[in-house]
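Heads up: the structure comes next, in structure tokens.
Nothing in this text is a laboratory measurement; each read-out follows from the coordinates by a stated rule. What you see is a predicted model, and the numbers here were worked out from it, not measured in a lab. All Cβ positions, even for glycine, are placed from backbone atoms using ideal geometry, and neighbour counts span all protein chains on display.
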Amino acid sequence: MELKSLARGWTEAAVLTLGGIATSGESEQAKVSAAIALLDRGWGKPMQPTENKIEGSVEIILRDIAAEYAKKKQLP
């Protein structure tokens, strides 16, 4: 049996365990961690903003990449 399939067999037990910790865990940190894990699995992780630092148009960038590739292909 594949490991991934075997691990997925424990999904219900894991979610119930996280739910138990989220509602009656020993520490606040455990409750928050369990709640975050449940939300991430149920709704997906929140989108993280990214910063685009590329300057120039896509056409120019692609042209430059193609030119560099062509140079490398010509080398012996």
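So which trypsin sites (Lys or Arg not before Pro) in the chain are both in a DSSP loop and have at most 15 other Cβ atoms within 10 Å of their Cβ?
Here the trypsin sites (Lys or Arg not before Pro) that fit, given the DSSP loop and packing criteria, are LYS53.
Mind putting a number on the dipole of the chain about its Cα centre? Charges go on the C-beta only, +1 for Lys and Arg and -1 for Asp and Glu, and I need it in Debye to the nearest 20.
Rounded to the nearest 20 debye, it is 360 debye.
Positive end of the dipole of region 1-69, charges at C-beta (+1 Lys, Arg; -1 Asp, Glu), about the Cα centre: which of VAL58, ALA22, GLY44 has its Cα farthest in that direction?
Result: ALA22.
Given [x] 14.8, 48; [y] 23.9, 68; [z] 12.1, 39 as candidate values of Rg and Dmax of the Cα atoms in Å, which corresponds to the one derived from the coordinates?
Here Rg and Dmax of the Cα atoms in Å agrees with entry [y].
Under 19 Å Cα-Cα from LYS31, which aspartates and glutamates qualify once same-chain neighbours fewer than 8 residues away are excluded?
Reachable aspartates and glutamates: GLU12, ASP40.
Could you name the aspartates and glutamates in cross-link range of LYS72, using Cα to Cα under 19 Å and dropping any fewer than eight places away on the same chain?
The qualifying aspartates and glutamates are ASP64.
If you line up the long axis of helix 11-24 against the longest principal axis of the chain, both from Cα atoms, how many degrees apart are they, to the nearest 10?
60 degrees
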